[in-house]
1. Can we say Leu13 is modelled with pLDDT of 75 or more and open to solvent by 80 Å² or more (accessible area, probe 1.4 Å)?
2. Based on this model, can you work out whether Arg45 counts as of a type in the set (D, E, K, R), at pLDDT 65 or above and surrounded by 12 or more Cβ atoms within 10 Å (Cβ to Cβ)?
3. Residues of the range 5-51 being among the small types (Gly, Ala, Ser), closer than 18 Å to Arg70 by Cβ and part of a helix (DSSP H, G or I), which ones?
4. Cβ-Cβ below 6 Å, separation at least six or inter-chain, first residue in the range 2-16 and at positive phi, second surrounded by 13 or more Cβ atoms within 10 Å (Cβ to Cβ): which pairs?
5. Assuming Ala39 fulfils every condition listed in (1) modelled with pLDDT under 80; (2) at negative phi; (3) not acidic (Asp, Glu) apart from one, which condition is it?
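The values are calculated or read from the model by the stated rules, or taken from the named source; none is laboratory data. Owing to the predicted nature of the structure, the values given are computational and were not obtained by experimental measurement. Counting neighbours? That spans all protein chains shown, and the Cβs are built from the backbone with ideal geometry, glycine included. Note: accessible area is taken over every heavy atom of the protein model, side chains too, but ligands, DNA and RNA are not part of it. Shrake-Rupley method; radii C 1.70, N 1.55, O 1.52, S 1.80 Å.
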Amino acid sequence: MAKGGSGDLLTGLIAGMLGQYPENVAQAVEAAVYMHGLAADMTVRSPDSAYDEHTLLATDSLRQLGRVFRFRVRGANGYVWLQGLPADALPAAATREGSE
């Protein structure tokens, strides 16, 4: 994430979230930061990915934003996972994409 363009992508996400939720600045920024990281996680953990943490570019993460906006992971206890991408979540999430 320390490559050219990553900060621009994050800034765009923050601006978009602030534009939609101007009354909840802290939550909008937190959501944007979370989505930025989740897009990177999805890129490098995809089963057919040729990327890793060292080769990831902002444009690679950008391609995942559609999935990020629809992403939900529920644990066996019914709670939504909010702390990043669990190691075993991606294959299941790929099959459930957009279903919730």
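1. Values: modelled with pLDDT of 75 or more: yes; open to solvent by 80 Å² or more (accessible area, probe 1.4 Å): no.
No.
2. Yes, satisfied.
3. Going residue by residue through the range 5-51, those that are among the small types (Gly, Ala, Ser) are 5-7, 12, 15-16, 19, 26, 28, 31-32, 37, 39-40, 46, 49-50.
Applying the additional criterion that residues be closer than 18 Å to Arg70 by Cβ yields 16, 31-32, 37, 39-40, 46.
Correct list: Gly16, Ala31, Ala32, Gly37, Ala39, Ala40.
4. Close Cβ pairs (under 6 Å, with a partner that is surrounded by 13 or more Cβ atoms within 10 Å (Cβ to Cβ)) amount to Gly5/Ala58.
5. Every condition holds for Ala39 apart from (1).
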